[in-house]
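Here the structure comes first, spelled out in structure tokens, and everything after it is commentary.
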Amino acid sequence: MRKKIVAANWKMNLSLEEGKSLVEAIVAGLPELNEMRQVVIAPSFVHLTQTASQLDEYDHVQVAAQNCATESSGAYTGEVSAAMLQSAGVHTVIIGHSERREYFHEADDQLLKKIHQALNNNMQVIFCCGEPLPVRDAGKENEYVAGQIEATLFQLTDDQMKHIVVAYEPIWAIGTGRTASAQQAQAMHAHIRSVLERKFGADTAQRTPILYGGSCNAQNAVELFACGDVDGGLIGGASLKADAFLTIINAMLQS
Ligand code: PEP
């Protein structure tokens, strides 16, 4: 049985007070989770200690950061190190989100450094990959996504891969209201698993959770999560409303 996860990416949204209320509403409606069915919440850096203390008693709801520094410590004004995050109660770091790649020009070598920082500080990584629309239109999405994985995850050991969750997020579906169809999601997730198998073997490929992200919401989550290789979701917009997010969590539990 593979671990399934629903992860909230709040991006640059919510005041401290709004974040607190949202977490209160989520935990008030939370269904029973376990080792293999987990929830992750990734607020901004500012919220992390508050969110971590609110979730302290919930063993299967983890706090994630949306980014970490490439370096361990030192004169890097504005950066937050993986060790700092770990000390703040952070369990997971999202690395390689398309908004970081596009707006902050994060390239594969930097992403790999960040992955190492997170892993060296005993945190899990949600590694995002996904193609832009012109690549999909040209029918080159499989090789594009394989290239993103080869440049980063292929540099890890089998042991390190135990702490990696992959999130497939087609850029054309993020925040656009345009979702990949269940067939498109399943085909890409199966492809990603075959790419992982080529390098790490079947055990690692079968064990690694692959989440779908891109306008996943309370209406389409059941269909997406029913796909055999879709192990949950990374949720942006719909994670900012407790009702929608709880519906998506329940969809993961039913799948
Ligand atoms: C995301 O940013 O990770 C995401 C999937 O956003 P949305 O759900 O809003 O498309």
Report summary line: Taking only the alpha-carbon atoms of the chain, the convex hull volume per residue, in cubic angstrom, is 115
Report task. Treating only the Cβ atoms of Lys and Arg (+1) and Asp and Glu (-1) as charged, compute the dipole magnitude of segment 59-197 about its Cα centre; round to the nearest 20 debye. Result -> 220
Query raised in the report: Add -39500 (n - 2.57) for each DSSP H run of 4 or more in the chain, then divide by its residues: what number comes out at 222 nm, to the nearest 500 deg cm²/dmol?
Result: -12000 deg cm²/dmol
Query raised in the report: How much accessible surface area, in Å² rounded to 10, belongs to the heavy atoms of K3 with a 1.4 Å probe?
Result: 50
Query raised in the report: What are the aspartates and glutamates whose alpha-carbon lies under 16 Å from the alpha-carbon of K20, with same-chain residues fewer than 8 places away excluded?
Result: D56, E57, D243
Report task. Using θ = phi - 60° and the Karplus relation 6.51 cos²θ - 1.76 cosθ + 1.60, list the HN-Hα couplings for segment 201-211 in order, rounded to whole Hz, with x at every Gly or Pro. Result -> x, 5, 4, 5, 4, 6, 7, 6, x, 10, 8
Query raised in the report: Any idea how far apart M1 and F154 come out in nm if each label point goes 7 Å out from Cα toward Cβ?
Result: 3.5
Query - Where a label projected 7 Å from the Cα of K20 along Cα→Cβ would reach, residues of segment 35-49 with amide N under 20 Å - result: 41-49
Query raised in the report: So how much accessible area does H191 have, in Å² to the nearest 10, using a 1.4 Å probe?
Result: 40
Query - Reference-scaled alpha-carbon Rg (2.2 N^0.38 Å with N residues) for segment 1-126 - result: 1.05
Query raised in the report: If you take every DSSP beta bridge whose two residues both sit in the chain, what share of them, in percent to the nearest 5, is antiparallel?
Result: 5
**Report entry** Residue-level accessible surface for H116, protein heavy atoms, 1.4 Å, Å²
**Finding:** 60
Requested in this report: Measure off 7 Å from each Cα along the Cα-to-Cβ vector at Q206 and H163, then give the distance between these two points in nanometres to one decimal.
Outcome: 2.5
Query raised in the report: With contacts defined as alpha carbon pairs under 8 Å and 6 or more residues apart, what's the relative contact order of the chain in percent?
Result: 22
**Report entry** Solvent-accessible ranking of L253, L16, L246, largest area first, probe 1.4 Å
**Finding:** L16, L253, L246
Requested in this report: Counting only DSSP beta bridges with both residues in segment 1-130, tell me the antiparallel percent, nearest 5.
Outcome: 5
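The values are calculated or read from the model by the stated rules, or taken from the named source; none is laboratory data. In this text, all values refer to a predicted model and were calculated from it rather than measured experimentally. Because the Cβ atoms are built from the backbone with ideal geometry, glycine has one as well, and the counts that use them run over all protein chains shown. Just the protein is used for accessible areas: all its heavy atoms, side chains included, with ligands, DNA and RNA removed. Shrake-Rupley method; radii C 1.70, N 1.55, O 1.52, S 1.80 Å.
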